[in-house]
Amino acid sequence: MGFKDKVVVVTGGASGIGKSISSEFLQAGAKVCIIDKKENPYFIGDLAEEEELRTFADKVITEHGRIDCLINNAMSSTGGLKDCSYQDFNYVLRVGISAPYMLTKLFLVHFSQGASIVNISSSRDRMSQPNTESYSAAKGGIAALTHAMAVSLAGKVRVNSISPGWIDTESKMYRGSDALQHPAGRVGNPLDIAHMVLYLCSEKAGFITGENICIDGGMTRQMIYHDDFGWTLKS
């Protein structure tokens, strides 16, 4: 898709979906700059801390002079109403919303013409389980931030988001009800997301901006009723 020597930033790129995204860009010939609290070959840092974001951004610009793709993937979760403190809730928002916003500002004058930003949201931006307020709030926020930035950066940078559903990052084999509750017939894997990220960053997606794409095997499209097609609610 034409990524040779492109400069790509991936937050949270040391594991899970982020690692898969980084690997796919590397295989396509891109220069990948990772920021993650976990061990990685480029920059170890906490996205919740502004000074670490500034240090990271300075390193990228000093070494490469421009940025072609920014993938805001990093995320944290500290529960919800039952057990999440005010400080912990705000930490999740700093990682999930404030960091993507700040990195966009820091790279603003360094984006190449036709650059792309892809924010990783979640199907939790539209549905929830109990006690997931911190995660759901951040994912809903990044989905809204996406269309706001798409308008502000119109004509220079395309901005889109992806909302993954159930993605298995541990290479497990899910069968039975876990798989069958997805109309696609299986649980997702990180490459399902990585492939869409590369597509959205490519010229093939040149007419797509401000969009949120849900990749969940159709799970959020399936209506469920008690005692219908074998579904049973247990209180």
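Read the figures in this text as sums done on the coordinates, not as results from a lab. Keep in mind that this is a model prediction, so the values were computed, not measured. As a convention, Cβ positions derive from the backbone with ideal geometry for all residues, glycine included, and neighbour counts pool all protein chains shown.
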Check your understanding: Quick one: TYR225, TYR135, TYR42, TYR101, fewest Cβ neighbours within 10 Å first, how do they rank?
Key -> TYR225, TYR101, TYR42, TYR135
Check your understanding: Across segment 103-112, in residue order, what do the Karplus-derived ³J(HN,Hα) couplings come to in whole Hz, using 6.51 cos²θ - 1.76 cosθ + 1.60 with θ = phi - 60° and x for Gly and Pro?
Key -> 5, 4, 5, 5, 8, 3, 7, 10, 5, 6
Review point. Measuring from a point 7 Å past the Cα of ASP5 along Cα-to-C-beta, which residues in segment 53-67 have an amide N at less than 20 Å?
Key: 60-67
Check your understanding: Taking the Cα centre of the chain as origin and charging only Cβ (+1 Lys, Arg; -1 Asp, Glu), how large is the dipole, in debye to the nearest 20?
Key -> 420
Revision key, fill the gap. Whole-Hz Karplus couplings 3J(HN,Hα) for segment 218-233, θ = phi - 60° and coefficients 6.51, -1.76, 1.60, Gly and Pro as x, run x, 4, 7, 9, 9, 6, 10, 10, 4, 6, 10, 6, x, 6, 9, 8
Practice item. Mind running the shape call on the chain? Use the C-alpha gyration tensor, a ≥ b ≥ c as the square roots of the eigenvalues: rounded below 1.5 for a/c, prolate if a/b tops b/c, oblate otherwise. Key: prolate
Exercise for review: Before anything else, pin down the relative contact order of the chain: Cα pairs under 8 Å, at least 6 apart, normalised by residue count, whole percent.
Suggested key: 19
Check your understanding: Too long at a 25 Å Cα-Cα cut-off: which of LYS172/LYS204; LYS59/LYS156; LYS4/LYS172?
Key -> LYS172/LYS204; LYS4/LYS172
Check your understanding: For VAL157, what charge total do you get from the other residues with a beta carbon under 13 Å from its beta carbon, if Lys and Arg give +1 and Asp and Glu give -1?
Key -> +3
Study note, to complete from the structure: Between HIS195 and SER235, the FRET efficiency computed from the C-beta separation at R0 = 41 Å comes out, to the nearest 0.05, as 0.55
**Study point:** Residue among VAL118, VAL151, VAL109 with the largest mean-square fluctuation in a Gaussian network model of the chain, springs linking Cα atoms under 10 Å
**Key:** VAL109
Check your understanding: Applying the Karplus parametrisation 6.51 cos²θ - 1.76 cosθ + 1.60 with θ = phi - 60° to the phi angles of segment 56-63, what ³J(HN,Hα) value in whole Hz is obtained for each residue in order, glycine and proline being reported as x?
Key -> 4, 4, 4, 4, 4, 5, 4, 7
Exercise for review: Treat the count of other C-beta atoms within 10 Å as a stand-in for reagent exposure and order ILE61, ILE142 from fewest to most.
Suggested key: ILE61, ILE142
Check your understanding: If you rank TRP231, TRP166 by fewest surrounding Cβ atoms within 10 Å, what's the result?
Key -> TRP231, TRP166
Practice item. Return the long-range amide H neighbours of ALA115 (sequence gap of 5 or more, or a different chain), with a cut-off of under 5 Å between placed amide H atoms. Key: ARG158
